[in-house]
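Novice: One structure is given below, represented as structure tokens, and several questions about it will come after.
The values are calculated or read from the model by the stated rules, or taken from the named source; none is laboratory data. Predicted, not measured: the structure shown is a model, and the values here were computed from it. When we count neighbours, we look across all protein chains shown, and the Cβ atoms used for this are built from the backbone with ideal geometry, even at glycine. In case anyone asks, the SASA skips ligands and DNA or RNA and just uses the protein heavy atoms, side chains included. Shrake-Rupley method; radii C 1.70, N 1.55, O 1.52, S 1.80 Å.
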Amino acid sequence: MGHAGARGREFTGRATTVQELSAFAGRRATQPIRVYVGLESAPTFDKQARLAVHELERTGAFRREVLVLMNTTGTGWVDAKAADAVEYMYAGDTALVAMQYSYLPSWLSFVVDREKAAQAAGALVREVRARWEAMAPDERPKLLVFGESLGSYGFEEHFRDLRSLVEGTDGALLVGPPNANPIWRSLIAGREPGTPMWRPVYQGGREVRFGQFPADLAGPPQPHVVYLQNASDPVVWWTPDLLWDKPAWLDVQPRGPDVAPAMRWYPVVTFWQVVVDLMFANNVPPGHGHQYGANVVDGWAAVAPPDGWTEADTIRLHKVIAADPRS
């Protein structure tokens, strides 16, 4: 779309091809749909969201099997691996839509633009759901949401609690959630006794599951919401409370993966150590820090597997996404 900006052109211009999707699916795939509305496309988030719905209608997105709302990070970036993975899973019978709310890096957006992430996510959900609800129930696409980092915060601020998120979507994949996320915080607080906050279990995993490794998400029941959170991701664990309070993730044994056994909490000092970690959280291999890599495949496979999807398919797609040079 016009005024998509560099991030929008990157998102729409690097979509998986029919040839790639067909080779993976073993059958003729469909050209996937991607819609991106840049920050300068309209003066308000509501008008941006209406533009997004107009473009979704124009491209036939509401006739696809899956429609994914993808809240961006601060700069307007969308995780290419997450986008590619869901397109491969559904052989391109998908429509992805994203809307930009800031140009600032996520860490700075979290300080000064946090509410914009929520306002943009809310506008997009309201406009898309209004159009989606006007359809006959048996004709609606599966409505999914994806948010990474500040993008996950935006959706959580809109839905506010787990029940609203479950009732308002057909599935949600939330990656690297900031510690301020309201739904995440309530789930951590309500986790089953004896389960650590770095790998909590909430009500037996019936509706929501947390994972870092594929095995964390394997097996029934199928969750409605999946959180990918690395034990060493400072975005997840940083909070101003670190100044004066010892965090629970340092107060348990065993520690989470990648959290050094020798690490100790010191007032003020630990706070600044984690702040420094935030600056380098993306300069690590996938599966560590704030890098989630191809593990988004396992997240999608847990939340929204297509009919007939198998564990072998997940393993095969994981290899494809991990090797994709575009992302």
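Novice: Against the condition on the phi > 0 side of the Ramachandran plot and touching a Pro at 6+ places or on another chain (Cβ under 8 Å), how does G219 come out, does it pass?
Specialist: no
Novice: If a residue has to be of a type in the set (D, E, K, R) and either in contact with a Leu (Cβ under 7 Å, 6 or more places away or on another chain) or open to solvent by less than 40 Å² (accessible area, probe 1.4 Å) (or both) to count, how many in the stretch 254-276 make the cut?
Specialist: Of the residues in that region, 1 qualify.
Novice: Output the residues belonging to the stretch 8-58 that are open to solvent by 60 Å² or more (accessible area, probe 1.4 Å), small (G, A, S) and part of a helix (DSSP H, G or I).
Specialist: G13, A23, listed by residue number.
Novice: Here's a follow-up. In the stretch 142-178, which residues are of a type outside the set (G, A, S) and in a strand (DSSP E or B)?
Specialist: K142, L143, L144, V145, F146, E148, L173, L174, V175 - these are the residues of the stretch 142-178 that are of a type outside the set (G, A, S) and in a strand (DSSP E or B).
Novice: From the set of residues in the stretch 144-163 that are under 15 Å from V68 (Cβ atoms) and touching a helix residue (DSSP H, G or I) at 6+ places or on another chain (Cβ under 6 Å), which is modelled with the lowest pLDDT?
Specialist: For the stretch 144-163, the residue satisfying everything is G154.
Novice: Test of understanding: among R199, R209, R191, R185, which residue is over 23 Å from T73 (Cα atoms), modelled with pLDDT of 95 or more and either surrounded by 22 or more Cβ atoms within 10 Å (Cβ to Cβ) or not β-branched (V, I, T) (or both)?
Specialist: Testing whether each residue is over 23 Å from T73 (Cα atoms), modelled with pLDDT of 95 or more and either surrounded by 22 or more Cβ atoms within 10 Å (Cβ to Cβ) or not β-branched (V, I, T) (or both) leaves just R191.
Novice: In the stretch 230-253, which residue that is at pLDDT 85 or above and among the β-branched types (V, I, T) is least open to solvent (accessible area, probe 1.4 Å)?
Specialist: It comes out as V236.
Novice: Do we find a residue being modelled with pLDDT under 90 and not charged (D, E, K, R) anywhere in the stretch 114-124?
Specialist: Within the stretch 114-124, one or more residues are modelled with pLDDT under 90 and not charged (D, E, K, R).
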